[in-house]
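For reference, the structure discussed in these notes is given below.
Each value in this text was obtained by applying a stated rule to the coordinates, not by laboratory testing. Since the model is a prediction, treat every value here as computed from it, not as a measurement. Glycine gets a Cβ as well: all are built from the backbone with ideal geometry, and neighbour counts include every protein chain shown.
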Ligand code: PRP
Ligand code: URA
């Protein structure tokens, strides 16, 4: 496996994803879990943020202590389902700017179609975290990264809760320079390009549609 891929391995995350997968899990609980999982994954994905020591004074004495340094953050959900992950990341970095990439998959070809995209200004100066709970064929994720790069984005991470091997391969081959974080790697895609065992349609489950 390429070294730009991190498959999360944490019992808390695994437990929460199990509840997410269950078909009887309702919209309210599903939404809360997606947000919590995004927060836990974001915590891990930001492990390599640079810090710089600053001079502070505690009630006891003066000392040097680290604060986050380096680039500012942009969070970019892939609509719709990525929206469910945004607040999880913002709970960690409330000052992050938020962009949007609207894509839907054609039901027959499974190829993504763009319908709305807007990114924060100076995207080239930011660390960018693209969010989408599902990486299936990898078409949407690859298109989202293409879009961000076209607008100057360079430092890019992609977070998904569940990935199929096919999508992970396609994304990492198309964009070997980005970091990919996966909550759990599933078995395969079915004939409708849904992830097996997966969790069904993430957008429908978050928004209660269908
Ligand atoms: C889902 C999901 C991803 C995409 C993954 O979105 O949220 O964006 O499918 O599939 P892929 O890897 O094969 O491209 P969908 O197109 O169903 O749109 P929605 O979120 O609006 O329901
Ligand atoms: N999109 C989803 O929401 N679920 C899948 O399994 C595949 C694509």
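Below is a table of values for the structure above.
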{"quantity": "Alpha-carbon centroids, segment 1-77 and segment 184-205: separation in whole Å", "calculated": "24"}
{"quantity": "117, 160, 63 arranged by Cβ crowding within 10 Å, fewest neighbours leading", "calculated": "63, 117, 160"}
{"quantity": "Kirkwood-Stokes translational diffusion coefficient of segment 49-169, alpha-carbon pairs, 10 °C, 1.306 mPa s, µm²/s", "calculated": "101"}
{"quantity": "The chain - mean residue ellipticity at 222 nm from DSSP helices (-39,500 (n - 2.57) per run, n ≥ 4, rounded to 500)", "calculated": "-9500 deg cm²/dmol"}
{"quantity": "Using alpha-carbon coordinates, inclination of helix 27-45 to the longest axis of the chain, degrees", "calculated": "50"}
{"quantity": "Three-way shape label, the chain, alpha-carbon gyration tensor, a/c 1.5", "calculated": "prolate"}
{"quantity": "Relative contact order (%) - criterion: Cα under 8 Å, at least six apart; region: the chain", "calculated": "23"}
{"quantity": "Burial ordering of 207, 158, 147, 30, fewest other beta-carbon atoms within 10 Å first", "calculated": "207, 147, 30, 158"}
{"quantity": "Order of 155, 140, 65, 172 under a 10 Å beta carbon neighbour criterion, fewest first", "calculated": "65, 155, 172, 140"}
